[in-house]
Amino acid sequence: MRIALGVTGGIAAYKAAEIARRLQDRGVRVQVVMTASAQEFVRPLTFAALTGEKVITEMFSQRDSNSTLDSSVEHIGVAQSIDALLVAPATAATLARFAQGLSEDFLSTLYLATTAPVVVAPAMNVNMWRHPATQSNLQLLRQRGVTIVEPEEGYLACGMTGEGRLAGTETIVEALLARLAQSRDLKGEHILISAGPTYEPIDPVRFLGNRSSGKMGYAVAEAALRRGALVTLVSGPTTLTPPPVEEFVQVETSAQMRQALLARFGHASITIMTAAVSDFAPANPAAQKIKREGALHLELQPTADILAELGSARAPGQLLIGFAAETQNLEENARRKLERKHLDAIVLNDVSRPGIGFGSERNAGEIITATESISIPEMTKQEMAGRILDAIVKLRAAQLTPKVTA
């Protein structure tokens, strides 16, 4: 296993040597990438001697006859060859470059070029850590799937006391190894995900729809990709940019979504139905725009119950996860849906709560299975996507564990 260790300019840069050594002790091959500021605190030769690898210090090739160190424009090659990128310590400036997509040196360019998991361990002055700009950058990075190893509180090199001290070496190493393990825990799975609303036409310009934005489903798709899954995303109308999934299918009506899902369900090992499919559709959509001439009466008919249909059709070994957006009798309604539709798990959302659910950036809920209930406190939808996939990995492991009989 190979990782790139980014070292940036701060007094904690010397601790990166111990991080490199601990990773090597765990069987990880380490290539160090240093910023210009980091070299003011620790010499590249230190890391070259520790790791036995070339230390990259510049974007462009520079050779010194008195040194074994050289570097070249190879960010794409490094980006494609590493299993993860760890940046420790990460300065406030580095976090800002990553968040804003600024490729000003080898490390920031490597960050943009790699699709491998990224873990950053910030270290800085307490006021810099607390500054709204830093916190905003951290939030943006978390939303993009970057793992943040929070700094510790204590006495800082600047003489102040508070948050900002680099997390412990073992804490950082364990966070990286956990992320590496997680990045492979869905490898070999083909995950089918539905997302967004459906629009049921009333006439050529009007439709019956709902408030779903698709953000939860897209977050699950992105998280599943990072964890090694092959992903197919079937989406109703949204304004979101789809992640780089294996197949992206755009639909509009519940009938189109049903057709797309049924056609692909047999190839999926896991199906996650986050879409808010309309329960009703106009019975007789008008061929022309309906004019405003008094009261309008619509006859609605139920749409097909796609989730129940998939629950009845699934093969042994397939996992099926549903969502329940409820406003009352929350757990009772969710458990009935779990049983009636033959699901392995259901994610319960209280959509009556302000600030979460439809259209928002945050969510909360409960993951309910036949044997347990996992409460999810309010968090970003990206973080919640990770919790949902954790539960699915646990379900798969239980499914594969041989049952012992007396």
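Annotations for the structure displayed:
- Averaging the Cα positions of each part gives two centres, and for the stretch 196-268 and the stretch 327-361 these lie 19 Å apart.
- Hydrodynamic radius by Kirkwood, which averages 1/r over all alpha carbon pairs of the stretch 315-398, in angstrom: 13.1 Å
- The GluC sites (Glu not before Pro) found in the stretch 325-406 that occupy coil by DSSP, while having at most 15 further C-beta atoms within 10 Å, are Glu361, Glu372.
- Value of relative contact order over the stretch 125-206, rounded to a whole percent, pairs C-alpha under 8 Å and six or more apart: 22 percent
- Rounded tilt (10° steps) of 215-226 against the dominant C-alpha axis of the chain: 50 degrees
- Amide H to amide H, with H built 1.01 Å from N, Arg2 comes under 5 Å of Arg29, Asp83, counting only residues 5 or more places away or on other chains.
- Relative contact order %, the chain, counting alpha carbon pairs below 8 Å whose residues are six or more apart: 11 percent
- When the pairs Lys187/Lys341; Lys215/Lys291; Lys337/Lys381; Lys187/Lys381; Lys54/Lys215; Lys54/Lys381 are compared against a 31 Å limit on Cα-Cα distance, Lys215/Lys291; Lys54/Lys215; Lys54/Lys381 fall above it.
- Annotation: the antiparallel percentage among DSSP beta bridges lying fully within the stretch 123-262 is about 40.
- For the stretch 109-184, the set of chymotrypsin sites (Phe, Trp or Tyr not before Pro) satisfying both a DSSP loop assignment and a count of at most 16 other C-beta atoms within 10 Å is empty.
- Cα shape, the stretch 2-182, gyration tensor, a/c 1.5 rule: rounded
- Prolate/oblate/rounded label for the stretch 112-234 (Cα gyration tensor, a/c 1.5): oblate
- Answer label for mean projected area of the Cα convex hull in nm² (calculated), chosen among (i) 25.7; (ii) 24.7; (iii) 21.2: (i)
- The stretch 2-182, relative contact order [Cα under 8 Å, separation at least 6], %: 21 percent
- Antiparallel content of DSSP bridges confined to the chain, in %, to 5: 35 percent
- Cα→Cβ-extended label distance, 7 Å offset, between His342 and Asp279, nm: 2.3 nm
Read the figures in this text as sums done on the coordinates, not as results from a lab. This one's a predicted model, so the numbers in the text were calculated from it and none came from an experiment. Because the Cβ atoms are built from the backbone with ideal geometry, glycine has one as well, and the counts that use them run over all protein chains shown.
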